[in-house]
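Below is one structure, written out as structure tokens, with a few remarks after it.
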Amino acid sequence: ATGLSALVRAAYELLGLRTYFTTGPEETRAWAITAGTKAPQAAGVIHQDFERGFIRAETTSYDDLVRAGSEKAAREMGLVRSEGKDYVVQDGDSMLFRFNV
């Protein structure tokens, strides 16, 4: 790890931050949340409507996603979980939020 990446990791840990990802057809995006954040509140980081109308989060752990090689492969391997409003988002989770407003 470079000095800068080590500094960023240390700062994230000191501040109690975690990162989760969302992936669409055109981009993958990282979102910062505090440790202990539940799925609806993590969705709210993207947009308030996502939190308000939260139904569930289709979730793949970072390790499972890397092992599968793609979201599609992870889904085919049964590695995508459906998580509810009490799920505590883990560092590196890849999430697709289902919501209705």
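The values are calculated or read from the model by the stated rules, or taken from the named source; none is laboratory data. Just so we're clear, the structure is a prediction, and the values are computed from it rather than from any experiment. Glycine also receives a Cβ, built like all others from the backbone with ideal geometry; neighbour counts cover every protein chain displayed.
At a glance:
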read-out	value
Scan of region 88-101 for residues that are part of a loop (DSSP other than H, G, I, E, B), surrounded by fewer than 19 Cβ atoms within 10 Å (Cβ to Cβ) and touching a strand residue (DSSP E or B) at 6+ places or on another chain (Cβ under 9 Å), ordered by number	GLN90, ASP91, GLY92, ASN100
The one condition in (1) surrounded by fewer than 17 Cβ atoms within 10 Å (Cβ to Cβ); (2) touching a residue at least 24 places away in the same chain (Cβ under 8 Å) that ALA32 fails to fulfil	(2)
Condition broken by GLU13, with the remaining ones in (1) in a loop (DSSP other than H, G, I, E, B); (2) exposed (fewer than 13 other Cβ atoms within 10 Å of the Cβ) satisfied	(1)
Qualifying position, being of a type outside the set (Asp, Glu) and either on the phi > 0 side of the Ramachandran plot or modelled with pLDDT of 95 or more (or both), among VAL80, VAL8	VAL80
Count of region 25-40 residues which are touching a Ser or Thr at 6+ places or on another chain (Cβ under 9 Å) and either over 16 Å from THR59 (Cβ atoms) or not aliphatic (A, V, I, L, M) (or both)	4
Candidate set: region 44-76, residues that are β-branched (Val, Ile, Thr) and outside any helix (DSSP H, G or I); chosen: the one surrounded by the fewest Cβ atoms within 10 Å (Cβ to Cβ)	ILE55
